[in-house]
Protein chains: 2
Amino acid sequence: MEYAELANEVSKKSNIKVSKKDIERLVGALQKTGDPWVLADISDFPVPAVFETLNALKDRGLVSVSDSSVTLTENGLLAVESVHPVEDFSCGGCEGRGISLEHFVDIRDRFNEIQRSRPAASHDFDQGYVTPSSTFSRFLIGYERGDIEGRDILLLGDDDLLSIVLGLSRLPKSITVVEVDKRLVGFIEEVAGAEGLDVSVREFDLRKPLPPEHVGAYDTFYTDPPETLPAVDAFVGRGIASLRSPGSAGYFGFTRREASLEKWWGLQRLLLGYKVVITDIIHNFNEYINWGYERDTRAWRLAPVKVEPRVNWYRSALYRIEALPGFCGNAKDYGEENIYEDAESSTT
Amino acid sequence: MEYAELANEVSKKSNIKVSKKDIERLVGALQKTGDPWVLADISDFPVPAVFETLNALKDRGLVSVSDSSVTLTENGLLAVESVHPVEDFSCGGCEGRGISLEHFVDIRDRFNEIQRSRPAASHDFDQGYVTPSSTFSRFLIGYERGDIEGRDILLLGDDDLLSIVLGLSRLPKSITVVEVDKRLVGFIEEVAGAEGLDVSVREFDLRKPLPPEHVGAYDTFYTDPPETLPAVDAFVGRGIASLRSPGSAGYFGFTRREASLEKWWGLQRLLLGYKVVITDIIHNFNEYINWGYERDTRAWRLAPVKVEPRVNWYRSALYRIEALPGFCGNAKDYGEENIYEDAESSTT
């Protein structure tokens, strides 16, 4: 099979740039699983293009599609022989993050307990929250890098409830959340009240510029933006605007599920343009819990097999950035603009 | 103490941009150790600036310097109370890399055996090689990402002997090394002969453009450049020039020991300019074995305490990049130009 030709075909049909190597990876992944969601996870390119590729492979007689899975045909099995094996070598001890989970265990246990009664993910706000150990690891890496204790910390959106972990740790100087979802604002305030945590929560839409009192006021920010370039520009750009001085740091997640490497390049250009530097990109750091509204997403409509995901399949890399002299953020007002969808997105 | 003021002073004296946070981290690290090399390791900013900071702290009566170590004075201990604690949370299982070491164990054992008789690091070529588990992990991550089996692989410089691991694995389609050091060329050829490995080694100075037969001929490259921007441009730029198509990948190390985050920003701009995208930056992935010529380096001359390093202290992040449509590399001829030194370097 000519993988480069297939890559071109899929790129044209999906309007998403995919490489020969992307296609090969998907073909290799088909040896491991027939679950469309796990295939999207392992393949590491945008879901609409993954599903477009499965259609193209079906047209070529390389896969067959049943009610429940995608299977390599005999010809497909022959094609697989020529591609790179797909294996997961991530460390079991740290779930591949490189950060040991054996610190602040009391806080971790308490957080695991508290988050059980959290609000469900809301489709209205393109939410999808991460596993408690992902949230907890964000705290641990922040602590290790000197971004937590005694710091003023801003969370731009917090459906992952990091503010609660930070509050339980009693380490930051201050914890501020701006969040668009009233339910989450209520939940965080309720927990903060019950646990005596010092967390300030404010309802806010990040399409608007940060109010002046938040600009240049924080040492550290965390956010988990929707995956279009305008949305990441808004969320991360606001985060950068909130930072106090060179050395101040920011953390955010970015996927391959809804962002091609071409979009990653755009993101990286955007970051360097704000005069911040990328210090870490940690593959599959964040693991999202299946959000429950799969059937209402574009991904579902495009899926060649209509099965609900059985395991968590939506993961993202963690970016850490640090401000340099001359850094600046984003003060643009997006009004009511829909900045949350592009050709590569599929969870809206 | 005014850390921002101290950061300005050190930036001016050392001609290296350091932030308030860098200084704070060093002050925090002084609670852990008085060993100047371990301090440089933990502090994560360039060695000349770390040592300049120690001098400035001494002038302020915050540290005292003996024949063997740097110690916080009583005033220094008070100053430490206001800074972020410095801890190492890296996972013991994977040495912080996120990649499990429990794969291809036979190859690992054989490599550990073979590398024992390797040539020592040569000061002439600014060499410093990594631990066998660092080299082995480079192979593992490459395999996981689909960059090894059936691939044409180019190593631009190979004092880390990755070519031997790759050869032992028998997985790549071809393995090519260009290396300036005759001793290494000899050693790799000798091992390849004895073990029956298919490795092609060629003596080559990377200040010259790659010969045409190497341009656009590889799926994957690895290199470990000296840490100035011109050198990283030459080494990584040649690597990019060697790549075959979008999706082809490159790996290289870059430190904080000899590169400020300002220089990191320059590196990242340079990479994006070649139309490659950064897919991973893994903190402290590479651990270098003390090279043995410490006493002849600039770092030694600047060191406030003249003690030999007792533990490995020189570590670097691993960058992985992937080529995008329209990528191009570096074909500039640097002649005999010294591209290996700048204000931040200290191991030459």
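Here is how the numbers come out for the structure above:
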quantity	calculated
Residue within the stretch A:259-276 that is within 14 Å of another protein chain (Cβ to nearest Cβ), touching a residue at least 40 places away in the same chain (Cβ under 8 Å), in a loop (DSSP other than H, G, I, E, B) and acidic (Asp, Glu) present	no
Enumeration of residues in the stretch B:185-221 that are crowded, with 22+ Cβ neighbours inside 10 Å and modelled with pLDDT under 95	B:Leu206, B:Leu210
Of all residues making up the stretch B:224-258, the number that are basic (Lys, Arg) and either open to solvent by 10 Å² or more (accessible area, probe 1.4 Å) or within 14 Å of chain A (Cβ to nearest Cβ) (or both)	2
Some residue of the stretch B:64-75 being charged (D, E, K, R), open to solvent by less than 60 Å² (accessible area, probe 1.4 Å), out of contact with any strand residue (DSSP E or B) (no Cβ under 6 Å at 6 or more places or on another chain) and not assigned by TED's automatic domain parsing to the domain that holds B:Pro309	no
In the stretch A:40-49, the residues that are more than 16 Å from A:Thr297 (Cβ to Cβ), not in a loop (DSSP other than H, G, I, E, B) and not small (Gly, Ala, Ser)	A:Ile42
Qualifying residues in the stretch A:15-32 (those that are assigned to a loop (DSSP other than H, G, I, E, B) and of a type outside the set (S, T, N, Q)) - the one nearest to the other protein chains (Cβ to nearest Cβ)	A:Lys17
Residue within the stretch B:114-122 that is in contact with a Gly (Cβ under 6 Å, 6 or more places away or on another chain) and within 14 Å of chain A (Cβ to nearest Cβ) present	no
Members of the stretch B:133-156 that are among the small types (Gly, Ala, Ser) and either more than 17 Å from B:Asp219 (Cα to Cα) or surrounded by fewer than 24 Cβ atoms within 10 Å (Cβ to Cβ) (or both)	B:Ser133, B:Ser134, B:Ser137, B:Gly150
B:Asp35, sole failed condition from (1) of a type in the set (Asp, Glu); (2) away from chain A (no Cβ under 11 Å); (3) open to solvent by less than 30 Å² (accessible area, probe 1.4 Å); (4) under 18 Å from A:Gly247 (Cβ atoms)	(4)
Some residue of the stretch A:276-288 being surrounded by 16 or more Cβ atoms within 10 Å (Cβ to Cβ), over 30 Å from B:Ala259 (Cα atoms) and among the acidic types (Asp, Glu)	yes
Checklist (1) away from every other protein chain (no Cβ under 14 Å); (2) not in a helix (DSSP H, G or I) applied to A:Arg295, failing item	(2)
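The values are calculated or read from the model by the stated rules, or taken from the named source; none is laboratory data. Note that this is a predicted model, so its numbers are computed, not measured. Heads up, the Cβs are rebuilt from the backbone with ideal geometry, glycines too, and the neighbour counts pull from every protein chain shown. With ligands, DNA and RNA removed, areas are computed over all heavy atoms of the protein, side chains included. Shrake-Rupley method; radii C 1.70, N 1.55, O 1.52, S 1.80 Å.
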